[in-house]
Amino acid sequence: MRDTGLLGRLIQHLRCLPGVGPKTAQRMAFHLLQKDREGARALAETLLQAIDRIGQCSRCRTLTEKPLCDICADPARDSSLVCIVENPSDVWIIEQATVFKGLYFVLHGRLSPLDGIGPGELGLDQLERQLATSDIKELVLATNSTVEGEATAFFIGELARKHHVQASRIAHGVPMGGELEFIDSGTLLHAFNGRRTI
């Protein structure tokens with residue numbers, strides 16, 4: 001294979017981003033070099049700063065520049081209510097879409113024994129210490145509704161029961177604007193099982 005030089009390496013490295021294939025990476029590289037070199041420079045500098053400065057919150061494990069993230073440091077948040085999510089991006093989504101006022105715990109994945117991901121890799125020892133030593137009254141399990149996400153929620157639910165903490169699962173079902181004829185049977189089953197009185 002012939003050496004494509006710096007431009008080829010740039011295109012190749014842009015492909016590490018999720019959803020970016022060869023053509024998209026090529027368009028990005030040419031756009032940055034032809035039309036927005038200042039934007040490219042700012043992007044590169046910000047990326048380097050983010051890599052050097054952003055780590056995990058010592059309490060909830062979300063991404064932050066500080067030892068304790070803004071959510072965990074906010075005294076107005078309800079520390080007795082903790083939402084369990086798979087990824088830091090889930091925290092952002094919940095914060096933008098809901099009025100949840102509790103705290104979070106970020107797993108950075110989900111149980112997957114075939115991939116070598118067990119409780120230790122998800123920080124569940126840290127969560128268990130929090131359950132044993134803090135005033136947590138309820139865990140809201142907001143893992144994805146995949147087989148692994150459901151198994152993870154079940155495992156954490158058992159952990160909560162061991163510490164006499166209530167565990168609840170976010171509802172799954174028919175999306176707003178969804179029509180029943182287009183809903184898969186698994187989603188419809190969750191919707192019926194999670195029905196509530198109005």
Lone unmet requirement of (1) in a helix (DSSP H, G or I); (2) at pLDDT 95 or above for E150: (2)
Residue in the stretch 180-198 that is farther than 19 Å from Y104 by Cα and assigned by TED's automatic domain parsing to the domain that holds G120 present: no
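For the structure I just gave you, tell me whether L139 is buried (at least 19 other Cβ atoms within 10 Å of the Cβ) and either more than 14 Å from L81 (Cα to Cα) or not assigned by TED's automatic domain parsing to the domain that holds S79 (or both).
No, not satisfied.
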Helices (runs of 4 or more DSSP H) contained entirely in the stretch 1-118, each with at least 3 residues that are exposed (fewer than 13 other Cβ atoms within 10 Å of the Cβ), without any contact (Cβ under 8 Å) to a residue 40 or more places away in the chain and of a type in the set (G, A, S): 37-53
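Based on this model, can you work out whether Q130 counts as touching a residue at least 40 places away in the same chain (Cβ under 8 Å) and either more than 17 Å from the chain's Cα centre (by Cα) or exposed (fewer than 11 other Cβ atoms within 10 Å of the Cβ) (or both)?
Yes.
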Members of the stretch 155-174 that are assigned to a helix (DSSP H, G or I) and surrounded by 15 or more Cβ atoms within 10 Å (Cβ to Cβ): F155, I156, G157, L159, A160
Checking A132 against (1) in a helix (DSSP H, G or I); (2) over 15 Å from S79 (Cα atoms), the condition it does not meet: (2)
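The values are calculated or read from the model by the stated rules, or taken from the named source; none is laboratory data. Model, not experiment: these values are computed from the prediction. Using ideal geometry, Cβ is built from the backbone for each residue, glycine included, and neighbour counts are taken over all protein chains shown.
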